[in-house]
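Participant: First the structure, then my questions, so here it is.
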Amino acid sequence: MLDNTDNYDEEVAPLFKLLRTPAFRFIVVSFNHYDLLKQLESDLRQNFPDQPFQKIDVSAADYRQISDAYQALGRGFLWLENFDDALEEERDSHGVEYYAMAADNERRRGITAGLNLRRDKLAQSPIALFVFIPAASHERLGRLMMDKMPDLWSFRSLIIDLRKHIEKREIEAELRQISISTLGGSTAKEKSNELERLLKQLERTDSKETSFLLTLYPQIVQLQSDLGLYKEAIATLESWERLLSEEEKFNVLKQKGDLYRDSGNLSSALNTYENINKIFEEKIKSSPTLEFVHDLAVSYERLGDTHSALGDLQKAMEFFEKYNELTKELYEANPQNVSFKNSLAISYSKLGDTHRALGDLQKALEFYQERSRLGKELYEANPQNVSFKNGLAISYSTLGDTHRALGDLQKAVEFFAKYNELTKELYEANPQNVSFKNSLAISYSKLGDTHRALGDLQKALEFYQERSRLGKELYEANPQNVSFKNGLAIAYSKLGETHSALGNLQKALEFFEKDAQLSKELYDDYPQNVSFKNGLAVSYSKLGMCNLVLNNANTALDNFISSFNLLLELFQQFPQNVSYTANYAEALSVIYSMNLLIGKSINQKNIDTAIEIFEELFEKTLINIYKRKLDICVQMKQANTDYKKLIIEISSF
Amino acid sequence: MSQDLSHYKKATTLAEVDNAVRFDVPITPDHPFFTDFSDVRGDFEDKVLYKSLNVDPRTFIYNRTANIANKSLIFLAGMRGSGKTSELAKITKKLHRPNCFYCVTCNLDTGLDKNDMEYMDVLIFQIERLFEELKNQDITVDNGILASLQVWFSERINEVNKVITREGGFEVELKAETPSILSFLGLASRVKANLQGTKENAEKIRTVFKNNFTAFAQQLNVFFEHVNIRLRNEERAQELLFVVDGMEKVATIDARKKIVIGESDRIRQIKVNTVFTLPIELQSETQRISQMNTVLPFPFIKIRERNGIEIPKAIDRFFEFITRRIDEKLFDSKDTIKKAILMGGGSPRELLRVLEYANLYSDEEKGIITMGALDKGLKKLAAQTAQYITPADFEILKQLKNDNDADLPTATDETWQDLLEKLIIFEYNDGTYKRVNPVVELSELYKRYVG
């Protein structure tokens, strides 16, 4: 697993020492977050104000432009961003370079060959030449640099490897999207009516009419699943299964596993998938047909998914790697088979998800890029295929998420815009498809998040309003759908935050109250669901913060106490979970300070415990955020302190 | 700070060390930093180079009568950072005299600006450089011979322009000028500029000259020999010697092979003494190249024997190398200096890199480079170097270590070439003796895989 401990200060110290003497330098920088580059740029400009500074995006430049810029600069710092683009040539999934790629690949070759050949000329100018490569692939890219630019490489002055701890909360853990079919209409009422009709039909059908029954069962199961009636769907599956031969049971078993998974019964899901896996491992020994190999691959995928949901990411990774390996073999042996190609694309997506969950965003990005590349090929070869179009759209969404988590907001916006465009087309072409409508809603949410991060709050608000409108329609048409309810709660929360940032505090309060209400309903319905518990705690906390700013201190305290009680349970349930521990400590400090603010009696132990926890967390992880929170807690202990300011500050990051 | 050598002074404070250990600045023989390693490069001796050029290594007098019909064509093959450029500068200085050669240096990396270089580009560049020297040094040449060359050249350019015009493009400018050194220099420069211009024009020029290469070579050879006579008459030198540096930086391995091996026939048709630097990866082809020419390996300085025993003379020379640049009192002890030398592995550039890292991690308050700072710098350098080595590469390193421990030579093949080029392995003597880069040996990865 990647070591993502903050190391900025340690790594740049020798760099700044080196740069004291103006001279030619060739500096290779690998990084795992764009914030590090922003910081480095800021520090360089501050420490060397008389040195000219220029940046070039290598992915949009050729050697001549770089060379001219270098010569024109004469001295100072020249940054070559996205240098990985120059090192890796573009090919399709078969390794073929198409005409459209050839010109760009030649541009890339020109850059590396040119810089290498002109090494001695470059060295004549007192310029520090920085090249930037992503940390996840820096070993591979380093080898490529040694191959393509060996002479310039031999002149390297320094290699720095910048790492920043990436908070898991920066990676949005959205509730898994459950897909809804178009059977029976697009609203819950319509589907219920259709289900009722089919169940009556089933009752009336003679048990000897096996063929007819086999057409009814799949539809009934699907409708029950769409409506969230998982127990009923599983019972129907079992009836269905009884009509099938051993050979035919696989699909039904798979559906059963999926239903267990979707209903949250992960242990039963795991058992089911393990059975399927055993069945196919045996089948392949005697009859290794393509179909069986593919089914085995799918069983690995399901096992990976379930282990991931259970939190065992290492195990999930093992299964996804097997899935990837098998699908790659299948595709390479059968390059015309779009199903295999699609499975391969999905396998990359799963590997990306797991690396992302493990905090290795750059590695995740590599896999997502591969997924997207295959997705694009599939869609372009099969433009009528809605599933492929949707797959491509989702790949853009994950690319956007990952770039955002890495701090590259401009790239994130580009991908979310593509996601939005595709989902809009899908929804407009298939207005009955609830899943597409939901995806469109989510695309607005992501655009809103990114614009907010870029500081454009008005634009963010517009996107959130659109998201919320669609979310409300979806929820009202499908009130049993947990995912839609949760999505709407999140939409309200974001509207609340944006209005708050814009200073519209009353409006913000309204939305936080709506969010809290929905979150409470979700938690009450699913008290075992940890995500809902945490979500409710966060909702109360945000409500509390809003009330505090509006000077409703007593109400704020009630909100914070509600949040605290839930966070305490989470902390006790999962003492190893760093995020829950930190949130608990923060809640302790907030309660302590609120009591002081209002003039109520305090429990000194609260703040002492909070300090102790943050000290331990910082010692264990060396993450600066915990140090800052620790410092704030220490200030809270001092007399005559602005408690309101400190509460707002500790919750702000 | 530019590359003006007067800026490079011996460091007497820590703050000055960084400037003093720069390895991107080629040092000339008359600079205080210059250290002569010629007698400590193991099997390599520079007198072999001089003798190959028919120069007496004691007197530096060129023997024109020996082998009068042939000119010397020498390839100097060495690893990156071995000091080839400095060595060539030293050799050039020694040979550039009336009793010896008139040296014309051609640095391909500063003089040419094209990625997909071919031999024709190099040759045109050599001609341009020669004419620059003739002009700057006021060396007169016979007008008839010059006119013949210039007219022939101009006719070729006319042919090129006809093709360009037919296919649409910008012609090479041809001025109606009286043949002279200046006018020919202008013509050569414009041809060179076009070779570095559009790919289409470059191809057309190269094609025309290649199609007429025999005549071109004959014209040039006459001119070169005439210049030799002029040089003798004016008592400036006995003959021309071209020193072409930078061939190893040309675009790709395939492009380099194409020039050195693919165009070897054309290279040999040009009858003028020339020293080329040879790309390290082509050393495996030396058998093929040396059938036609002289290939001299230019190894790193040997500081240890195969069995690990240190070579005091080489270490002392490196001590001198360091103390010319850094005042000895900036180190806490001689042991620190020695350790740095051993970690450099016999490569001057790698030693400078070790010293740079030691300086970066040294404590400014203490004001000296301590063993602790050196170790810290080495640890960092080791990790950064080893991270690019694959498990398969480590297997090769393991084999090399075992062979060296048993004092046995190691048979190598193309798979080793990659490691040589990346300076994971260092080569000594004539290439039969190799060692793992000492910095790599320090890394945790090496210890894990190799032991």
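Participant: So is A:Thr398 surrounded by 24 or more Cβ atoms within 10 Å (Cβ to Cβ), in contact with a helix residue (DSSP H, G or I) (Cβ under 9 Å, 6 or more places away or on another chain) and touching a residue at least 24 places away in the same chain (Cβ under 8 Å) or not?
Facilitator: no
Participant: Here is a further query. Name the single residue that is least open to solvent (accessible area, probe 1.4 Å) among those in the range B:225-282 being out of contact with any Leu (no Cβ under 9 Å at 6 or more places or on another chain) and under 21 Å from B:Lys90 (Cα atoms).
Facilitator: Result: B:Pro279.
Participant: Still on this structure: Would you confirm whether or not the range B:71-81 contains a residue that is in contact with a Pro (Cβ under 9 Å, 6 or more places away or on another chain), open to solvent by less than 10 Å² (accessible area, probe 1.4 Å) and of a type in the set (D, E, K, R)?
Facilitator: The answer is no; no qualifying residue exists.
Participant: Scan B:Glu350, B:Glu320 and give me the residue that is away from every other protein chain (no Cβ under 14 Å) and in contact (Cβ under 8 Å) with a residue 40 or more places away in the chain.
Facilitator: After ruling out the rest, the residue left standing is B:Glu320.
Participant: Given the conditions (1) within 12 Å of another protein chain (Cβ to nearest Cβ); (2) closer than 30 Å to A:Ala333 by Cβ, report the number of the one that A:Gly74 does not fulfil.
Facilitator: (2)
Participant: If a residue has to be hydrophobic (A, V, I, L, M, F, W, C), open to solvent by less than 50 Å² (accessible area, probe 1.4 Å) and within 30 Å of the chain's Cα centre (by Cα) to count, how many in the range A:225-281 make the cut?
Facilitator: Summing the residues that are hydrophobic (A, V, I, L, M, F, W, C), open to solvent by less than 50 Å² (accessible area, probe 1.4 Å) and within 30 Å of the chain's Cα centre (by Cα) in the range A:225-281 gives 7.
Participant: Assess whether B:Val141 counts as being in contact with a His (Cβ under 7 Å, 6 or more places away or on another chain) and buried (at least 18 other Cβ atoms within 10 Å of the Cβ).
Facilitator: Yes: the conditions hold for B:Val141.
Participant: Condition first: touching an Asp or Glu at 6+ places or on another chain (Cβ under 8 Å) and over 19 Å from A:Pro126 (Cβ atoms). Now tell me which residues in the range B:6-28 satisfy that.
Facilitator: Selection gives B:Lys10, B:Thr12, B:Leu14.
Participant: In the range A:20-47, how many are more than 19 Å from A:Ala72 (Cα to Cα), part of a loop (DSSP other than H, G, I, E, B) and open to solvent by 10 Å² or more (accessible area, probe 1.4 Å)?
Facilitator: Qualifying residue count for the region: 2.
Yes or no, residue by residue, for (1) at pLDDT below 80; (2) outside any helix (DSSP H, G or I); (3) touching an Asp or Glu at 6+ places or on another chain (Cβ under 6 Å); (4) under 30 Å from A:Leu115 (Cα atoms):
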| position | (1), (2), (3), (4) |
| --- | --- |
| B:Glu159 | no, no, no, no |
| B:Phe170 | yes, yes, no, yes |
| B:Ala176 | yes, yes, no, no |
| B:Phe216 | no, no, no, no |
| B:Arg230 | no, no, no, no |
| B:Ala237 | no, yes, no, no |
| B:Leu240 | no, yes, no, no |
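Participant: A:Asp43 fails exactly one of the following numbered conditions: (1) out of contact with any Leu (no Cβ under 7 Å at 6 or more places or on another chain); (2) within 14 Å of another protein chain (Cβ to nearest Cβ); (3) within 25 Å of A:Gly407 (Cβ to Cβ). What is the number of that condition?
Facilitator: (2)
Participant: Same structure again: Kindly indicate which of A:Leu326, A:Leu358 is at pLDDT 90 or above, over 23 Å from A:Thr423 (Cβ atoms) and surrounded by fewer than 24 Cβ atoms within 10 Å (Cβ to Cβ).
Facilitator: Just one listed residue meets the conditions, A:Leu326.
Participant: State all residues of the range A:530-578 that are closer than 24 Å to A:Val482 by Cβ and either of a type in the set (Lys, Arg) or open to solvent by 50 Å² or more (accessible area, probe 1.4 Å) (or both); if no residue qualifies, say none.
Facilitator: Selection gives A:Ser531, A:Lys533, A:Val538, A:Lys542, A:Asn565, A:Glu569, A:Gln573, A:Phe574, A:Asn577.
Participant: Pick from the range A:635-653 the residues that are of a type in the set (D, E, K, R) and outside any helix (DSSP H, G or I): which of them is farthest from A:Ile623 (Cα to Cα)?
Facilitator: The extreme case among them is A:Asp642.
Participant: For the structure I just gave you, tell me whether A:Asp6 is open to solvent by 40 Å² or more (accessible area, probe 1.4 Å), touching a helix residue (DSSP H, G or I) at 6+ places or on another chain (Cβ under 7 Å) and in a loop (DSSP other than H, G, I, E, B).
Facilitator: It is true that A:Asp6 is open to solvent by 40 Å² or more (accessible area, probe 1.4 Å), touching a helix residue (DSSP H, G or I) at 6+ places or on another chain (Cβ under 7 Å) and in a loop (DSSP other than H, G, I, E, B).
Participant: Also, I was wondering about something else. Residues in the range B:6-18: is at least one away from every other protein chain (no Cβ under 14 Å), open to solvent by less than 40 Å² (accessible area, probe 1.4 Å) and among the small types (Gly, Ala, Ser)?
Facilitator: Within the range B:6-18, none of the residues are away from every other protein chain (no Cβ under 14 Å), open to solvent by less than 40 Å² (accessible area, probe 1.4 Å) and among the small types (Gly, Ala, Ser).
Participant: Further, regarding this structure: Which of the residues spanning the range A:148-157 are touching a Ser or Thr at 6+ places or on another chain (Cβ under 9 Å) and either within 8 Å of chain B (Cβ to nearest Cβ) or open to solvent by 30 Å² or more (accessible area, probe 1.4 Å) (or both)?
Facilitator: Answer for the range A:148-157, where residues must be touching a Ser or Thr at 6+ places or on another chain (Cβ under 9 Å) and either within 8 Å of chain B (Cβ to nearest Cβ) or open to solvent by 30 Å² or more (accessible area, probe 1.4 Å) (or both): just A:Lys148.
Participant: Continuing with the same structure: Go through the range B:32-58 and count every residue that is outside any helix (DSSP H, G or I) and open to solvent by 60 Å² or more (accessible area, probe 1.4 Å).
Facilitator: 4
Participant: Looking at the range A:124-135, is at least one residue part of a helix (DSSP H, G or I) and open to solvent by 10 Å² or more (accessible area, probe 1.4 Å)? Reasoning before the result, please.
Facilitator: Filtering the range A:124-135 down to residues part of a helix (DSSP H, G or I) leaves A:135.
Next, from what is left, pick out any that are open to solvent by 10 Å² or more (accessible area, probe 1.4 Å): none.
Checked against the condition, which is being part of a helix (DSSP H, G or I) and open to solvent by 10 Å² or more (accessible area, probe 1.4 Å), the range A:124-135 yields no hits at all.
Quick grid of which residues meet (1) farther than 25 Å from A:Ser579 by Cβ; (2) open to solvent by 50 Å² or more (accessible area, probe 1.4 Å):
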site	(1), (2)
A:Ser299	yes, no
A:Gln336	yes, yes
A:Ala364	no, no
A:Leu374	yes, no
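Participant: Name the residues in the range B:375-394 that are more than 30 Å from the chain's Cα centre (by Cα) and farther than 19 Å from A:Met146 by Cβ, would you?
Facilitator: Residues of the range B:375-394 that are more than 30 Å from the chain's Cα centre (by Cα), as a first pass: B:375-376, B:379, B:391-392.
The answer is B:Asp375, B:Lys376, B:Lys379.
Participant: A further question follows. Would you confirm, using the coordinates I've provided, whether B:Arg156 is open to solvent by 10 Å² or more (accessible area, probe 1.4 Å) and touching a Ser or Thr at 6+ places or on another chain (Cβ under 8 Å)? Before you say what the answer is, go through the steps one by one.
Facilitator: On the way: open to solvent by 10 Å² or more (accessible area, probe 1.4 Å): yes; touching a Ser or Thr at 6+ places or on another chain (Cβ under 8 Å): no.
So B:Arg156 fails the test.
Participant: Moving on. Is there any pair linking a residue in the range A:99-125 that is more than 7 Å from every other protein chain (Cβ to nearest Cβ) and touching a residue at least 60 places away in the same chain (Cβ under 8 Å) to one that is of a type in the set (Gly, Ala, Ser) and open to solvent by less than 70 Å² (accessible area, probe 1.4 Å), with Cβ under 9 Å and at least six apart or on different chains, and which?
Facilitator: A:Leu122/A:Ser67; A:Ser125/A:Gly74; A:Ser125/B:Ser2
Participant: Return the residues of the range B:82-101 that are within 14 Å of chain A (Cβ to nearest Cβ) and either open to solvent by 20 Å² or more (accessible area, probe 1.4 Å) or under 15 Å from B:Val243 (Cβ atoms) (or both); say none if nothing qualifies.
Facilitator: B:Gly83, B:Lys84, B:Thr85, B:Ser86, B:Leu88, B:Ala89
The values are calculated or read from the model by the stated rules, or taken from the named source; none is laboratory data. The shown structure was predicted, so the numbers you read here are calculated from the model rather than taken from an experiment. Reconstructed Cβ throughout: ideal geometry from the backbone, glycine too, with neighbour counts over all protein chains shown. Surface areas here come from the heavy atoms of the whole protein model, side chains and all, with no ligands, DNA or RNA. Shrake-Rupley method; radii C 1.70, N 1.55, O 1.52, S 1.80 Å.
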